[in-house]
Amino acid sequence: MATRLSDLFGNSRIIAGLLVNLLSSICIVFINKWIYVHYGFPNMTLTLIHFVVTWLGLFMCQKMDIFSPKSLRPAKIILLALSFCGFVVFTNLSLQSNTIGTYQLAKAMTTPVIIVIQT
């Protein structure tokens, strides 16, 4: 029992990180929907802002030595990069056009669909 408790507290940083990630994702979705509804913000502009903020976050993590970038040939990663960009654009379009519940359901179904495609 004591070992399980020490493992739990040893993993508290991971648990805290996962909770912060979950809560921030939920907040971002609600803020984005609020922006769409109240300001009619253009989808592509909001998507561009998301990409810039993501780049800044990754740049800061790199400068703090959280990870080190690896060099790959563009041909090896272009399909992955395009699919990521398409995912962000289409999820933002889904949020703009649908309710938050429909958006969350579609986003949650992404993982099982990717598993089916992969198999």
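The values are calculated or read from the model by the stated rules, or taken from the named source; none is laboratory data. For clarity, every value in this text was computed on a predicted model and none was experimentally measured. Glycine gets a Cβ as well: all are built from the backbone with ideal geometry, and neighbour counts include every protein chain shown. SASA here: full protein model, heavy atoms, side chains in, ligands and nucleic acids out. Shrake-Rupley method; radii C 1.70, N 1.55, O 1.52, S 1.80 Å.
Of His38, His50, the residue with the largest accessible area leads and the full order is His38, His50 (1.4 Å probe).
For Leu22, the solvent-accessible surface computed with a 1.4 Å probe is close to 90 Å², ligands and nucleic acids excluded. Each peptide in 109-116, 92-99 gets a packing score, the mean of other Cβ atoms within 10 Å over its residues, and the list from highest to lowest is 92-99, 109-116.
Using a 1.4 angstrom probe on heavy atoms only, work out the carbon and sulfur share of the accessible area of region 5-119 in %. Don't skip to the answer; put the middle values down first.
Numbers: 6840 of 9170 Å².
After summing per-atom areas, the C and S share lands at 75 percent.
Heavy-atom accessible surface of the chain, averaged per residue, reaches 81 Å², computed with a 1.4 Å probe.
When the helices of the chain are scored as -39500 (n - 2.57) per DSSP H run of n ≥ 4 and the total is divided over every residue, the value at 222 nm lands at -28000 deg cm²/dmol.
Multiplying the residue separation of Val53 and Leu19 by 0.36 nm and removing their Cα-Cα distance gives an extension gain of 10.2 nm.
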